[in-house]
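Every number in this text was worked out from the coordinates using simple rules, so none of it is lab data. Here the structure is a predicted model, which means the values were calculated and not measured. Backbone-built Cβ (ideal geometry, glycine too); neighbour counts: all protein chains shown.
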Amino acid sequence: ALFQPIRLGPLTLQHRIVLAPLTRFRAHASHIPGPQASTYYAQRGSTRGTLLITEATFISHDAGGYTHVPGIYTDAQVE
């Protein structure tokens, strides 16, 4: 059953293996994801129908507690 397709709402996954959220610390000091983050997720999502749950992301400057974690509170971070 592990390698059988499964529907999750409007999505059809080709298998039932999911990448759990892991903090990768691949963002710049300004909490903008760096090229390593893009490469990391592209490699792990290269099989069609794969579900990746990304790492924790700061919603405001005051929400942070770690360096090099992505944020989504500025336009530059969202790009």
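When the stretch 26-56 is limited to residues that are among the β-branched types (Val, Ile, Thr) and within 23 Å of PRO10 (Cβ to Cβ), the one that is nearest to the chain's Cα centre (by Cα) turns out to be THR54. Taking residues in the stretch 43-64 that are within 16 Å of ALA20 (Cβ to Cβ) and in contact (Cβ under 8 Å) with a residue 40 or more places away in the chain, and partners anywhere that are surrounded by 10 or more Cβ atoms within 10 Å (Cβ to Cβ) and β-branched (Val, Ile, Thr), the pairs with Cβ atoms closer than 9 Å and at least 6 places apart or on different chains are LEU51/ILE17; LEU51/VAL18. Taking the stated definitions as given, is HIS31 part of a loop (DSSP other than H, G, I, E, B), touching a helix residue (DSSP H, G or I) at 6+ places or on another chain (Cβ under 7 Å) and either without any contact (Cβ under 8 Å) to a residue 60 or more places away in the chain or surrounded by 12 or more Cβ atoms within 10 Å (Cβ to Cβ) (or both)? For HIS31, the condition - part of a loop (DSSP other than H, G, I, E, B), touching a helix residue (DSSP H, G or I) at 6+ places or on another chain (Cβ under 7 Å) and either without any contact (Cβ under 8 Å) to a residue 60 or more places away in the chain or surrounded by 12 or more Cβ atoms within 10 Å (Cβ to Cβ) (or both) - is met.
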